[in-house]
1. If neighbour count is taken as other Cβ atoms inside 10 Å, put Ser60, Ser182 in order from fewest to most.
2. Residue by residue through region 299-312, which ³J(HN,Hα) values in whole Hz follow from phi under the Karplus form 6.51 cos²θ - 1.76 cosθ + 1.60 (θ = phi - 60°), with glycine and proline marked x?
3. Count the net charge of all other residues whose Cβ sits under 11 Å from the Cβ of Leu236, scoring Lys and Arg as +1 and Asp and Glu as -1.
4. Is it possible to state the helix-based mean residue ellipticity at 222 nm for the chain, with each DSSP H run of 4+ residues giving -39500 (n - 2.57), the sum divided by total residues, to the nearest 500 deg cm²/dmol? What is it?
5. What dipole magnitude, in Debye to the nearest 20, does the chain give about its Cα centre under +1 on Lys/Arg Cβ and -1 on Asp/Glu Cβ?
6. Taking square-rooted eigenvalues a ≥ b ≥ c of the alpha carbon gyration tensor, is region 1-67 rounded, prolate or oblate, where a/c under 1.5 means rounded and, failing that, a/b exceeding b/c means prolate?
7. List the aspartates and glutamates whose Cα lies under 20 Å from the Cα of Lys284, skipping any in the same chain that are fewer than 8 positions away.
8. Please rank His152, His21, fewest neighbouring Cβ atoms within 10 Å first, as an exposure proxy.
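Values in this text are rule-based calculations from the coordinates and carry no lab data. Model, not experiment: these values are computed from the prediction. When we count neighbours, we look across all protein chains shown, and the Cβ atoms used for this are built from the backbone with ideal geometry, even at glycine.
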Amino acid sequence: MSRPPSTAAATPMAFVSAIVHAYRQRGMDPSAALAEAQITPELLEHADARISAAQMETISGLAMQALDDEALGWFSRRLPWGSYGMLARASISAPNLGLAMRRWCRHHGLIADDITLTLGTSGAVATLTITEHRDLGPLREFCLVSVLRNFHGLACWLVDSRIPLTGAQFPFAAPAHRDAYSVLFKAPAQFNQAQAAIQFDASYLTLPLRRDEAALRQMLQRALPLTVLHYRRDRLLVQRVRQALLTQPQSTHSADDLAAVLNLSARTLHRQLKDEGATLQALKDEVRRARAQDLLLRSSRPIKQVADAAGFQNEKSFIRAFRGWTGQSPAEFRRANTLTPQPAAPAAPPSPKTAG
């Protein structure tokens, strides 16, 4: 019995056409799989049509089994059913996400040498890059998008956390369905770039894995949704909020401003902080108080400048908040905690000259 498609339809028909191409490369008929996924021949003819995640899961799963190829024709040799499960199993014993995903990249090269996956860091940014070693032909876009999403989905699953992407690049011209990329990656997409890549906060690589072999076996029974699953929990959200408040005080006055910096909605920001047992106001107070106290003690800036640097819109609101934190005004705090210069010790009398 066919599973009815979900109401949300965001997956471009171009990806279905790529699967159909993979069938025909093998001299096989995709009609049964298309019918099972409720994708009609008429719909297939409309290049601008979209299908739901459930439909894409159905046709992808059927195609992988029929072709015995989890790569769906992307590479010069098949990846038999279970190949990606083998890669995940080889990574799950790692102590943290960074080592797990570097293992995944290295082992991917052992089973598919048409591309190389490289996970690197530069400062606070982690980047997964795909280097192509042959022309991937008409399946190129589908391959690169899928590999990036597979990596991202597995990484999120391993640490049981949302890992927000900060950017995505693609080495081809923007397709007609470029608007779908904001749904597929939820990050700014750039086209006509040198290589396919995604970026995210490198701090996620330090997180310990939260999955075991039993969880892996259960996941592999239905692994495809990993590429479309959006986790509510973000285990580094509190840290990301603190960092944004600290480094961008002028751009994070309101919840809406901060949410925009973090590529979230204000509603999602408040909900996820609640899931982590935190509140935005408490985090703002924590960061602003620490910055204000540091500036008061380590600089001679006027109170108005300290208020501005700590992220307050005016001096009056800063003084009121500071008094609530410490019971003192900023000026009183500065006077009470700044060391009073001590008078210089009197010079020692000159030593009597030794008689010659």
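1. In increasing order of surrounding Cβ atoms, one gets Ser182, Ser60.
2. Those phi angles translate into 9, 10, 4, x, 4, 4, 5, 5, 4, 5, 5, 7, x, 8 Hz.
3. +2
4. After summing the helix terms and dividing by residue count, I get -14000 deg cm²/dmol.
5. 1720
6. In terms of gyration-tensor shape, oblate.
7. Within reach: Asp234, Asp256, Asp257, Asp275, Glu276, Asp294, Asp308, Glu315.
8. His21, His152
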